[in-house]
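Presented below is the structure to which this report refers.
A short reminder: the numbers here are calculations on the coordinates, not readings from a lab. Just so we're clear, the structure is a prediction, and the values are computed from it rather than from any experiment. Note that we place each Cβ from the backbone using ideal geometry, even for glycine, and neighbour counts take in every protein chain shown.
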Amino acid sequence: MLLALFVGVLSIAPLARLVSAALLPQGSFDAARIGDLLGGRRVVEATLNTLWIATASTLLAIVIGTLAALLAGLTDMRRRTLWVFGFVLPLMIPPQVTALAWVQAFSPASPLLGPLGLSLPPGTRHPLYSMGGIILLLGLYNAPLVFLSVRASLHRLPASLLEAARANGARPLQITRDIVLPLVRGGIFAGAALAFVSSIGNFGIQAMLGIPARVSTLITLIYRQLNTYGPSALNDMALLALLLAGLTVAGMALTGWLGRRGDQRVDGAQRAPRMALGRWRRPVAALAWAYLALCLVLPLTALLGTALVRGVGQPLGADTITFENFANALFHHEGIRQAFFTSLWLTTLCVAVLIPVSVALGYVLVWRHGWVARGLRLASELAYALPGIIIGVAMILFFLRPLPFLGTGLYGTVWVILAAYLSNYLALALRPILGGFAQLDRGLDEAAQLTGAGIFARLRDIVLPGLAPAAMASGILVFMTAINEIQTSVLLVSSRAQTIGPMIIFLEEAGSTTLAAAVGCLMVALVLALMAGSLILGRHLPEGVLPWRD
Amino acid sequence: MSGIVIDAVDKSFGRTEVLRQVSLSIEPGEFVAVLGASGCGKTTLLRCLAGFEPVNAGRIDIGGETVSAPGRHLPPEERGIGVVFQNYALWPHMSVVQNVAYGLRIAGVPKPEREARVARVLEMVELGALASRRPADLSGGQRQRVALARCLAMESRVVLLDEPLANLDVHLRGALEEEFAAFHARSGATMFYITHDQAEALALADRVAVMDRGRILQFDRPEALFRQPASETVAGFIGEGRVVPAHDIRPDGTGRAQAIVLGQPALLRCAPDEKPRAQAMISVQPADLALLPDPAPAAIPAHVTRATFRGAYLRAEVMAGQAAPVALSLNIAAPASLCRGQRISLALRDGWVIPDPAALSSSQPARTDR
Ligand SMILES: Nc1ncnc2c1ncn2[C@@H]1O[C@H](COP(=O)(O)OP(=O)(O)OP(=O)(O)O)[C@@H](O)[C@H]1O
Ligand SMILES: [Mg+2]
């Protein structure tokens, strides 16, 4: 009951409030207003841009992600584990940092390409500040999502199907084309759905590249709407958010439908044997590592290079190198420090609340059935799949008015951000835990029930010990996602409540690029430390919960 | 031609040795069954033949060409072999026709000929009517027929089958067994058939290889396995054989021997080169024992521990002999009644003196086929 209330207050109520604010601003349905707003030139343009960007970048992510999954899952390439780690890593780096790093890497004053004589002539427009740049970065950013999904399908592919094809005389490339690709189709489309949703809702890249390039998308439109005032501003924002949500759901439904048609459920206990690359091993490996160098090492080094000089465009050398930016970011800049600590404790609190809730919720969802359970699950999944900015808008609307018993509104305080986090990440926390429950034997719990143990005693003594690894994995995932998060909090931060995620955008907008780069480097370092830590713990975690582990 | 020579093949996964010094020489067009308990390495042997696994030592020749040896490994797609898998391994996204035609398509067989060949093999396995179905819409037996048709269409000279009937019910097995026999007769292909069901192996195969813990114990015709087992393990494994101790073996040099079994003299079969021995183990099948109208001279006394009705005959489990009783079983023709504890007299009409393991171990037990 309490659980239903929790999910209800955090997921369902704000979304309901969003819908009502969007469609019934003064308590009545006004079709003319909706038509005016959605038919406006700005909105139509932003919608078309959004659709085109999301579709094109999803296609790019499909191609790259699928190739990478085939390479890592089916061939005998050496050092795959390290390569997979490097390939999945960008997914864990906050998108605004990625965007900043790429901008630095390919700017006319690039600290890296400059010395090599490869950089663009000064004065040219930055190539990434364009529609193409947004598509490229979103595609690269989301490729690991497709990769993970396709790799999961590959792992379920029965070895004998591939062996039968070899016995029939098919060569590795023919097998890939005729047998493997058709059979992992479901995985490709599932990954495409994720990539599409993630592209649509990726505020970091769209804002960092799109605002300077004047490529307007729905999400940046919503963001800028917040800064315009007027009687209907909030309701208009709600309507745009609803439009964005509609696009998201439509995209998911479309890819889901495409993927299901002719979907082949195959399940194999035996891992497929790896195909020998033979004389292609060297070229293929070289290409794979070059990809990582270009898409991971180059931007991050450029970011580091920018963070180490005093002003953008300065060449990096023994005489210009300085740690001032890092010192500022860590010790002197009051705002950054506060934002960092706010993020830290918000995230910690969020994990501390979500894990127990998820364990309890998982117990209900897995071992009890019924429409309440299904409804709860659906609501939490929806809140997770919808772009974070929509949750942000919903939270503003929901908490804008004074709360009934407290008498004051929460708007503008960190508590709104916490509420948004809880709502947004419940599904993320829930997934590994559901996986953990599925591996537990129901009989253990029932046996304890027969001895007369109550539900709390059973949770404590029987369920939790077996579930600890899954709960830990879930905690790590939520922590890593929330600590650098931007989509939700960018709308909710105020002078009283700052988080670290949007900081980069604000610093960059204010022109302190080198300081932004330093903060970005620190965020990447934090992510790397967390990932490395989780790998050390990884031996105790169930297989498949940590995406960066091969 | 399409004979297979497996010469002293070793295969291990990490530190577990799965195949040890396996040697078999298979004639072109022969139907060979490999029989053995679960986990003894049958599938591994098949996978080495097919080229899915490299070997650690030894050599495999197919049709006179060395396909596997340390440092040489012809990939499966270049071996021209057909494989029928236990779980059928049909491609779920292709229809029956597409499954059967795939190998021909890969081989570049022109479309009209391809279609004609596919139609012909589907007719042979009586699946013409189901040609456009997906594997998911077929029964287990039909799926295995499609897998067979896929092999037939390729006209492979060597066909490997890994427990192709294990997932099917008894009735289907009988029908498909006939199908395999017909397939073999029609195609003339060399067949290498893995099973753990000895009835299947003995019924289908020209020769049967009995495997145990990675070694070939004996490779011989079915009736030879049954009547002349080379070791105690084979004797206990094949049919319902029992192994009984015997004394004072006096061979006559023509494959017959006098001996004392359970305190009574008996005339047994033995290898022509069998030497006189004080002790030996002999293999006894239920049919070798006869019930005597009691009490007779030179009879083996026994008492019944269990009698079960088996339709055409009565199966009796008995403890025979006086000093150290041995468990035996025998079949008694139908109008008979025995009850538990009843004392009876037996005669041993036949038996096989198992060759001396000490003499054998100096030569290679796995090479009995050479
Ligand atoms: N890829 C592998 N890695 C490690 N060990 C393996 C591998 N494949 C098989 N084995 C081991 O080799 C031994 C023989 O396996 P194999 O599959 O050949 O047995 P089998 O005779 O076919 O058994 P069954 O009748 O149950 O199919 C087993 O102990 C098995 O655990
Ligand atoms: Mg097997």
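Taking each residue of B:98-111 in turn, how many C-beta atoms of other protein chains fall within 10 Å of its C-beta, and what is the average?
3
About the Cα centre of the protein assembly as shown, what is the dipole size in debye to 20, counting +1 per Lys and Arg Cβ and -1 per Asp and Glu Cβ, all else neutral?
980 debye
Helix B:170-187 versus the longest principal axis of chain B: what is the Cα-based angle in degrees, 0 to 90, to the nearest 10?
So the inclination is approximately 70 degrees.
Given points 7 Å out from each Cα along the Cα-Cβ axis, report the A:Val63 to A:Leu349 separation in nanometres with one decimal.
Between A:Val63 and A:Leu349, the simple spin-label model gives 4.6 nm.
For the protein assembly as shown, with the dipole built from +1 on Lys and Arg beta-carbon atoms and -1 on Asp and Glu ones, taken about the Cα centre, which of A:Ile389, A:Leu400, A:Phe456 lies farthest toward the positive end?
Comparing the listed Cα positions along the dipole, A:Leu400 ranks first.
So for each of B:115-121, A:252-258, A:137-143 I average, over its residues, the number of other beta carbons within 10 Å; can you give me the resulting order with the highest mean first?
A:137-143, B:115-121, A:252-258
If you take every DSSP beta bridge fully contained in segment B:4-227, what fraction is antiparallel? Give it as a percent rounded to 5.
Looking only at bridges with both residues in segment B:4-227, the antiparallel portion is about 55 percent.
Find out how many positive minus negative residues lie around A:Ala516, taking Lys and Arg as positive, Asp and Glu as negative, among other residues whose Cβ is under 12 Å from that of A:Ala516.
Overall, the nearby charge balance is -2.
With label points built 7 Å along Cα→Cβ from the Cα atoms of B:Glu232 and A:Arg337, find their separation and express it in nm.
Inter-label distance under the simple model: 8.4 nm.
Among DSSP beta bridges lying fully in the protein assembly as shown, give the percent that are antiparallel, nearest 5.
75 percent
Taking the Cβ of each residue in A:Ile12, A:Ile200, A:Ile179 as the centre, tally the other Cβ atoms inside 10 Å and list the residues starting with the fewest.
Fewest to most other Cβ atoms nearby, the residues stand as A:Ile12, A:Ile179, A:Ile200.
Rounded, prolate or oblate: pick one for the protein assembly as shown, where a ≥ b ≥ c are the square roots of the eigenvalues of its C-alpha gyration tensor, a/c under 1.5 means rounded, and failing that, prolate if a/b is larger than b/c, else oblate.
Prolate, since a/c reaches 1.5 and a/b exceeds b/c.
Which GluC sites (Glu not before Pro) in segment B:118-191 sit in a loop by DSSP (not H, G, I, E or B) and have at most 12 other Cβ atoms within 10 Å of their own Cβ?
B:Glu126
Can you compute the equivalent ellipsoid semi-axes for chain B, i.e. the square root of 5 times each eigenvalue of the Cα gyration tensor, sorted largest first and rounded to whole Å?
Whole-Å semi-axes of the equivalent ellipsoid: 46, 26, 15.
Give, in nm to one decimal, the length gained when the segment between B:Cys339 and B:Ala298 is fully stretched (0.36 nm per residue of separation minus the Cα-Cα distance).
Going from the current span to full extension adds 12.4 nm.
Separation between the A:Phe85 and B:Glu178 pseudo-spin-labels, each 7 Å from Cα along Cα→Cβ, expressed in nm?
For the pair A:Phe85/B:Glu178, the computed spacing is 6.2 nm.
Using a Gaussian network model of chain B whose springs link C-alpha atoms within less than 10 Å, name the residue from B:Leu90, B:Leu49, B:Leu160 with the highest mean-square fluctuation.
Of B:Leu90, B:Leu49, B:Leu160, the most mobile in the Gaussian network model is B:Leu90.
Given R₀ = 30 Å, what would the calculated FRET efficiency be for A:Leu258 paired with A:Arg374, taking r from the Cβ atoms and rounding to 0.05?
Here the calculated transfer efficiency is 0.75.
As a check on your grasp of the helix formula, calculate [θ] at 222 nm for the protein assembly as shown: sum -39500 (n - 2.57) over DSSP H runs of n ≥ 4, divide by the residue count, round to the nearest 500.
-16000 deg cm²/dmol
Enumerate the lysines that B:Lys11 could reach by cross-link, defined here as Cα to Cα under 20 Å, with residues fewer than 8 away along the same chain left out.
Output for B:Lys11: B:Lys42.
Order of A:Thr98, B:Thr16 from fewest to most other C-beta atoms within 10 Å?
Exposure proxy ranking, most exposed first: B:Thr16, A:Thr98.
For B:Ala199, put the label point 7 Å out on the Cα→Cβ axis and report which residues of segment B:313-342 keep their amide N under 19 Å from it.
B:313-316, B:330-332
Can you grab the distance from the C-alpha centre of segment A:478-510 to the C-alpha centre of segment B:160-199, Å, no decimals?
67 Å
Partner chain Cβ atoms within 10 Å, averaged over the residues of A:155-164 - can you pull that number for me?
5
Under a point-charge model restricted to the Cβ atoms of Lys and Arg (+1) and Asp and Glu (-1), what is the dipole moment magnitude of segment B:4-227 relative to its Cα centre, in debye to the nearest 20?
Rounded to the nearest 20 debye, it is 500 debye.
Which shape class applies to segment B:241-354: rounded if a/c is under 1.5, otherwise prolate when a/b exceeds b/c and oblate if not, where a ≥ b ≥ c are the square roots of the Cα gyration tensor eigenvalues?
prolate
Once fully extended, how much extra length lies between A:Val249 and A:Leu5, figured as 0.36 nm per residue of separation less the alpha-carbon to alpha-carbon distance?
85.4 nm
Return the FRET efficiency for the residue pair B:Phe309, B:Ala287: r is the Cβ-Cβ distance, R0 is 22 Å, and the value is rounded to the nearest 0.05.
Using R0 = 22 Å, I get an efficiency of 0.75.
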